[in-house]
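Let me begin by presenting the structure, written as structure tokens, before commenting on it.
The values are calculated or read from the model by the stated rules, or taken from the named source; none is laboratory data. None of the values given here were measured: they were computed from a predicted structure. Glycine also receives a Cβ, built like all others from the backbone with ideal geometry; neighbour counts cover every protein chain displayed.
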Amino acid sequence: MTKQDNIFAEATQAIGDFNFGKQTAEVFDDMLDRSVPLYQELQRMLGEIAAEFAESGSNVYDLGCSTGITLETLRGAITAAGKQVHMVGLDYSQPMLDRAGDRFAGLPEDERPQLIHADLNQGCVVENASVVVLNLTLQFVRPLYRNRLIHRIADGLNENGCLILVEKVLSNDSLLNRMFIKFYYDMKRRNGYSDTEIALKREALENVLVPYRIEENAEMLKHNGFTEVDTFFKWYNFAGILAVKKRSE
Ligand SMILES: C[S@@+](CC[C@H](N)C(=O)[O-])C[C@H]1O[C@@H](n2cnc3c(N)ncnc32)[C@H](O)[C@@H]1O
């Protein structure tokens, strides 16, 4: 069972940069549910899109898989569509991967997703892929390494495969930006976070989570060979982008 996220509830505690260590892993499912707008609907959409693009005999990757929630969603939707794929989850946090391991421990060994401990800043191996998911993860990869990572993903995707990218995003206009962020913090308040928790987490994420504008993400995707790039989800400062590597005619 996941504990409630109280990490930033104590105003007196010394706050360092946000990290994905043991303390975060223990409360992470609750954190996602209360901090990501429409998280359940997003999960449903990820499953539905992935089931459409998944090809039997290929690999499906969730990069930055955390505790394996999205892997579980993808697996359910793809299996229900009658397709057999090899699922791979990757994360640089061992405590997150341990929880993902627990999630799938009840499955027969050959049906468990492969879990890889690796740092996306160093790149990663993607091969024979029909679907790759980066759900709220690219924003944590250092900007210097993002283009290389997207290039590797595009390279490892089969023709007609897709990358599903969900990110916090910036608006072009500073007024709208401030308004969207205010609405986001209002949502967190409605979900039970105090002003102190919101402020401390904001501070801890500074310089760790670096959002791009939708257009910057789209440009990077097209530059690396994705032929179709469209926004499938937008909630104020959150966006979901579907990028497809179509067969060259
Ligand atoms: C916000 S969480 C992602 C949520 C998850 N993908 C989901 O579907 O709910 C970001 C995850 O990316 C991982 N991560 C961040 N930077 C990473 C990096 N450079 N390499 C590998 N994993 C990274 C973190 O450990 C964390 O588990």
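Mind checking which pairs have a first residue in the stretch 59-83 that is modelled with pLDDT of 95 or more and a second that is in a helix (DSSP H, G or I) and away from the ligand (no atom under 13 Å from the Cβ), Cβ under 6 Å, 6 or more apart or different chains?
These pairs meet every condition: Ala77/Ala51; Ile78/Ala51; Ala81/Ala51.
Quick one: how many residues across the stretch 198-249 are touching a Pro at 6+ places or on another chain (Cβ under 8 Å) and surrounded by fewer than 18 Cβ atoms within 10 Å (Cβ to Cβ)?
Number of matching residues: 2.
If Asp195 satisfies all but one of (1) of a type outside the set (Gly, Ala, Ser); (2) buried (at least 18 other Cβ atoms within 10 Å of the Cβ); (3) more than 16 Å from the ligand (Cβ to nearest atom), what's the number of the condition it fails?
(2)
Kindly list, by first and then second residue, each pair from a residue in the stretch 98-112 that is touching a residue at least 60 places away in the same chain (Cβ under 8 Å) to a residue that is assigned to a helix (DSSP H, G or I), limited to pairs with Cβ atoms under 6 Å and residues at least 6 apart or on different chains.
Here the result reads Arg99/Ala25, each pair linking the stretch 98-112 to a residue that is assigned to a helix (DSSP H, G or I).
Being modelled with pLDDT of 95 or more, in contact with a strand residue (DSSP E or B) (Cβ under 6 Å, 6 or more places away or on another chain) and surrounded by fewer than 16 Cβ atoms within 10 Å (Cβ to Cβ): is that true of Ala50 here?
no
Can you tell me which residues in the stretch 192-215 are at pLDDT 95 or above and either in a helix (DSSP H, G or I) or more than 29 Å from Tyr145 (Cβ to Cβ) (or both)?
Ile214, Glu215
Would you tally the residues in the stretch 64-84 being of a type in the set (A, V, I, L, M, F, W, C) and surrounded by fewer than 24 Cβ atoms within 10 Å (Cβ to Cβ)?
Final tally of qualifying residues: 4.
Out of all the residues in the stretch 62-88, which are over 15 Å from Gly161 (Cβ atoms), β-branched (Val, Ile, Thr) and either near the ligand (Cβ under 9 Å from one of its atoms) or part of a strand (DSSP E or B) (or both)?
Scanning the stretch 62-88 gives Thr67, Ile69, Thr70, Thr73.
For residues that are within 11 Å of the ligand (Cβ to nearest atom) and in a helix (DSSP H, G or I), scanning just the stretch 29-39, find the one that is nearest to Trp235 (Cα to Cα).
Tyr39
Here are some conditions: (1) more than 8 Å from the ligand (Cβ to nearest atom); (2) surrounded by fewer than 21 Cβ atoms within 10 Å (Cβ to Cβ). Tyr92 meets all but one. Which one does it not meet?
(1)
Looking at (1) in contact (Cβ under 8 Å) with a residue 60 or more places away in the chain; (2) of a type outside the set (D, E, K, R); (3) within 13 Å of the ligand (Cβ to nearest atom); (4) closer than 30 Å to Ala204 by Cβ, which is the only condition Ala50 fails?
Checking Ala50 against (1) in contact (Cβ under 8 Å) with a residue 60 or more places away in the chain; (2) of a type outside the set (D, E, K, R); (3) within 13 Å of the ligand (Cβ to nearest atom); (4) closer than 30 Å to Ala204 by Cβ, the one that fails is (4).
If I ask for residues that are assigned to a helix (DSSP H, G or I), within 12 Å of the ligand (Cβ to nearest atom) and surrounded by 21 or more Cβ atoms within 10 Å (Cβ to Cβ), which ones from the stretch 103-150 would you list?
Leu120, Leu138, Gln139, Leu149 - these are the residues of the stretch 103-150 that are assigned to a helix (DSSP H, G or I), within 12 Å of the ligand (Cβ to nearest atom) and surrounded by 21 or more Cβ atoms within 10 Å (Cβ to Cβ).
Report yes if some residue within the stretch 105-122 is closer than 20 Å to Phe233 by Cα and modelled with pLDDT of 95 or more; otherwise report no.
No, the conditions are met nowhere in the stretch 105-122.
Please go through the stretch 220-249 and pick out each residue that is out of contact with any Cys (no Cβ under 8 Å at 6 or more places or on another chain), among the hydrophobic types (A, V, I, L, M, F, W, C) and assigned to a strand (DSSP E or B).
If the condition is that a residue be out of contact with any Cys (no Cβ under 8 Å at 6 or more places or on another chain), among the hydrophobic types (A, V, I, L, M, F, W, C) and assigned to a strand (DSSP E or B), then Val229, Phe232, Phe233, Trp235, Phe238, Ala239, Ile241 are the ones that fit.
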